[in-house]
Amino acid sequence: MRIRSLVYSILCGSALAALASLYTQPRLTPYAGAKNNGQVPEAPPSPAPDERFKADILVVVAHPDDETEVSPYLAKAIYDEHKRVAVIYGTRGDGGGNAMGYEQAAALGAEREIEARRACAFLDIMNVWFLDGPDTPGQDVLRSLETWNHGAALGKAVRLVRLTRPEVILTWLPDYVAGENHDDHQAAGVIATEAFDLAGDPTAFPEQVSAPRNRASISNLTEGLRPWQPKKIYYFSDASHTDFLAGQGPEYPTTDVSASRHVPYYRIAAEEMSFHLTQGDSGQLAKQALATGNFEFFKQPVRLVFGKSLVKSATTGDVFEGVDPAAILYSPVRGYRPERRDGLSLELGGPWAFYREFWKAHNLEHVARLLPAPEVGVQTGETLHVPLVIRNDSADPAEVTLTAALPQGWTERTGAARYPVAAHDVYPVQAAAVAPSSKGPEWQEVTYRAEANGKPVGSVTLRVNVTSGGGLPQ
């Protein structure tokens, strides 16, 4: 019995191994061998990109519930215009509070991923991805790009643009505005813009667009995607004021009634938001609106900022104006170009310095003109951090004196001093001032001035929106 069982086991094992080899060994297609009857064999057809993942609109945001900023427009596009939508989330929102229970950190992120997928499914959005960045509370975009591992997150975003082949990208405004202005929101806008400009370039992440050796087998090292150039990109903002958005892009009322669903878009938006129950400022708010019938919060229009278009389209025209299904050629952008400087100068540093060059590099110079002056929001009693850069583009060292002009009630913490700046060098300064503990004028100005040898070098002024209550720390 033992011998017979042993022989049986060996035979079975051999049969299974032979069967497995059929699936693991490379299969030679007929045309790979010799000629058949003296004729050159016909190669099998080359498969097209997978249509299951094709999107007309790709939404790139930071956290679960961010899509609600444009969900009324998405409802219109999906239900009444039959557009296909996909969503990329930069994070799982693992850094927030929980209105439903004790779950926090990674556990909260796991819950919010499911909430996001259910919310998107309500809008018939099934293709949803995450870039796996950590939720990074703050307002400095450079901090989020650091914690997200900028290069890795960008590579993932480019991959998903090539996979979904969107005609249009919708994302957060890459700018520093007074409002919630979460640094993750800005990072989503930065990465979406970079992916818009790189996905059509076969030299960017080339491993993604190299054909696999044998697509029907395993152990292929490259991805087999194809370069893709989206046609248009639009931005949206969570600024505390909307005056600068007027005329900067299309605007969609939420009070219109969906032709297919027979309810206003604002109600569809509230129902979609209600899936984000762990978030008291969104899911719970939507739940309350649905229970009481008070939808005032959801009736504000969807305002988009025209980023750029590679097809003929007016600034305030419809999102799909000028868009047709045909692919377009890759369109390279200006890229970074250093400018010649002379003498001494004073500039805003940090995210403001980054955006100055980012907008020019990505052909978005008009974004720099959206706001009349650099702005920021702070709460009463909060410390305002202002990164400054003193530049010395001369051949001689210099001593530069920096002073602050603060509104009444403000207290300076750091900044004012004499700074030795070497020739052809920069001196980064982290200035800080504390806002008054009681609310004064809504908008105030903080100014820093620099001089050397008794002569003015330059000045920078920040418009500061002083508010009371909750918000994000800087």
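The values are calculated or read from the model by the stated rules, or taken from the named source; none is laboratory data. Values in this document were obtained by computation on a predicted structure and should not be read as measured data. All Cβ positions, even for glycine, are placed from backbone atoms using ideal geometry, and neighbour counts span all protein chains on display. Remember, those area values only see protein heavy atoms, side chains included, never the ligands or the DNA or RNA. Shrake-Rupley method; radii C 1.70, N 1.55, O 1.52, S 1.80 Å.
Points to keep in mind about this one:
- Matching residues in region 38-96 - criterion: being assigned to a strand (DSSP E or B) and at pLDDT 95 or above: I57, L58, V59, V60, V61, V85, A86, V87, I88, Y89, G90, T91
- Selection of first residues in region 81-108 that are over 22 Å from A157 (Cβ atoms) and of second residues that are at pLDDT 95 or above and among the hydrophobic types (A, V, I, L, M, F, W, C), restricted to Cβ pairs under 6 Å at least 6 apart or on distinct chains, gives the following pairs, ordered by first then second residue: N98/L108; M100/L277.
- Check on L108, touching a Lys or Arg at 6+ places or on another chain (Cβ under 9 Å), under 28 Å from R226 (Cβ atoms), at pLDDT 95 or above and surrounded by 22 or more Cβ atoms within 10 Å (Cβ to Cβ): no
- Count - residues of region 238-262 that are over 21 Å from G179 (Cβ atoms) and open to solvent by less than 40 Å² (accessible area, probe 1.4 Å): 1
- Test set (1) farther than 19 Å from V464 by Cβ; (2) in contact (Cβ under 8 Å) with a residue 60 or more places away in the chain; (3) among the polar types (S, T, N, Q) - Q379 fails condition number: (1)
- Filtering region 144-161 for residues that are in a loop (DSSP other than H, G, I, E, B), more than 23 Å from V70 (Cα to Cα) and out of contact with any Leu (no Cβ under 9 Å at 6 or more places or on another chain) leaves a non-empty set.
- Hits in region 340-372 (condition: modelled with pLDDT under 95 and farther than 19 Å from Y427 by Cβ): R340, P372
- In the set (1) farther than 29 Å from P301 by Cα; (2) out of contact with any helix residue (DSSP H, G or I) (no Cβ under 6 Å at 6 or more places or on another chain), the condition left unmet by P41 is number (2).
- So A353, is it open to solvent by less than 40 Å² (accessible area, probe 1.4 Å), on the phi < 0 side of the Ramachandran plot, not basic (K, R) and not in a strand (DSSP E or B): yes
- Residue check for D342: of a type in the set (D, E) and open to solvent by less than 70 Å² (accessible area, probe 1.4 Å): no
Results for (1) in contact with a strand residue (DSSP E or B) (Cβ under 9 Å, 6 or more places away or on another chain); (2) in contact (Cβ under 8 Å) with a residue 60 or more places away in the chain; (3) within 19 Å of I57 (Cβ to Cβ); (4) crowded, with 16+ Cβ neighbours inside 10 Å, shown as yes or no for each residue.
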{"site": "G293", "(1), (2), (3), (4)": "no, no, no, no"}
{"site": "K308", "(1), (2), (3), (4)": "yes, yes, yes, yes"}
{"site": "S313", "(1), (2), (3), (4)": "yes, yes, yes, yes"}
{"site": "A327", "(1), (2), (3), (4)": "no, yes, yes, no"}
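Results for (1) open to solvent by less than 40 Å² (accessible area, probe 1.4 Å); (2) over 23 Å from T255 (Cβ atoms); (3) among the aliphatic types (A, V, I, L, M); (4) in contact with a strand residue (DSSP E or B) (Cβ under 9 Å, 6 or more places away or on another chain), shown as yes or no for each residue.
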position	(1), (2), (3), (4)
N37	no, yes, no, no
P44	no, yes, no, no
I78	yes, no, yes, yes
A99	no, yes, yes, no
I114	no, yes, yes, no
D124	no, no, no, yes
N127	yes, yes, no, yes
G133	yes, yes, no, yes
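- Among the conditions (1) in a loop (DSSP other than H, G, I, E, B); (2) at pLDDT 95 or above; (3) out of contact with any Ser or Thr (no Cβ under 6 Å at 6 or more places or on another chain), the only one that I218 does not satisfy is (2).
- Looking across region 256-307, the residues that are more than 25 Å from I233 (Cβ to Cβ), charged (D, E, K, R), in contact with a helix residue (DSSP H, G or I) (Cβ under 7 Å, 6 or more places away or on another chain) and not in a loop (DSSP other than H, G, I, E, B) come down to E271, K299.
- Note on region 394-474: enclosed strands (runs of 3 or more DSSP E) holding 2 or more residues that are surrounded by 12 or more Cβ atoms within 10 Å (Cβ to Cβ) and of a type in the set (A, V, I, L, M) are 398-405, 425-434, 443-452, 455-467.
- Qualifying residue in region 47-69 (condition: within 23 Å of the chain's Cα centre (by Cα), of a type in the set (K, R) and open to solvent by 50 Å² or more (accessible area, probe 1.4 Å)): no
- Being in contact with a Ser or Thr (Cβ under 8 Å, 6 or more places away or on another chain) and closer than 30 Å to Q379 by Cα is a condition met by no residue of region 200-207.
- Candidate set: region 260-291, residues that are within 18 Å of G95 (Cα to Cα) and among the hydroxyl-bearing types (S, T, Y); chosen: the one nearest to the chain's Cα centre (by Cα): S282
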